[in-house]
Amino acid sequence: MKLYYTPGACSLSPHIILRETGLDFSLIKVDLKNKTTESGDDFLKINPKGQVPALVLNNEDILTEGPAIVQYIADKKLDRKLIAPAGTLERYHQIEWLNYIASEIHQSFWAFSPIMATPESYRSTVRNKLLGKLTYLDGILSKQSHIAGDHFTVADAYLFTTCTWMPSIKLDTSKLRHLSVYLQKIKQRPHVHDALKAEGII
Ligand SMILES: N[C@@H](CCC(=O)N[C@@H](CS)C(=O)NCC(=O)O)C(=O)O
């Protein structure tokens, strides 16, 4: 499989999951501004939406959208328990988290993208709303070790990825103690560390 990624972008989440499964994969870096790959190819031919992540499967089919990609990868190695088997209630709760992170956390960061030129007044509103959502997550993490329960899943890889962007938007997260301990714990997982290193983030 080939993962199209941009260092530090949301493609970090499937990158982590690929490493956690131990499956064979290669990485292709994408310049999101120019929509080209590291070898100068047109990325829009891979994903016409112009966004990472995109995963080229072994049968050459192409899968996009982070939440779909991580489920596909994790399903290949169910014994790693990165996702619960399809059809179980646990699986639907994990999808519930993936959707929450995608629509409520990930999307909040768009207001701070340099290409958006969002007015500061709006950014300030988004910052406050996001802080409220992260406070909710902090409460969940005061009661359980991982966001979807008692062990690491695809939802943790995604949440961790989005939380790496917090410092760049000047969010005061000093009161979010449980979230902070949780993020440190996720960062110390060997495969997470390797993914961050491979992307040149640490
Ligand atoms: N709905 C997509 C969103 C992916 C996304 O937001 N990708 C960002 C990087 S984190 C991107 O490629 N942005 C460049 C652009 O939209 O032009 C998903 O969940 O995979």
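The values are calculated or read from the model by the stated rules, or taken from the named source; none is laboratory data. The model shown is predicted, which means the values in this text are computed figures rather than measured ones. Note: ideal-geometry Cβ built from the backbone for every residue, glycine included; neighbour counts use all protein chains shown. Each accessible area value is taken on the protein alone, full model and side chains, heavy atoms only, with ligands, DNA and RNA left out. Shrake-Rupley method; radii C 1.70, N 1.55, O 1.52, S 1.80 Å.
Remark: pairs (first residue in the range 101-129, within 21 Å of Phe160 (Cβ to Cβ) and hydroxyl-bearing (Ser, Thr, Tyr); second residue away from the ligand (no atom under 11 Å from the Cβ) and open to solvent by less than 80 Å² (accessible area, probe 1.4 Å); Cβ separation under 7 Å; 6+ apart in sequence or on different chains) = Ser108/Val126; Ser108/Leu130.
The set of residues from the range 179-193 being more than 16 Å from Cys10 (Cα to Cα) and surrounded by fewer than 17 Cβ atoms within 10 Å (Cβ to Cβ) comprises Ser180, Val181, Gln184, Lys185, Gln188, Pro190.
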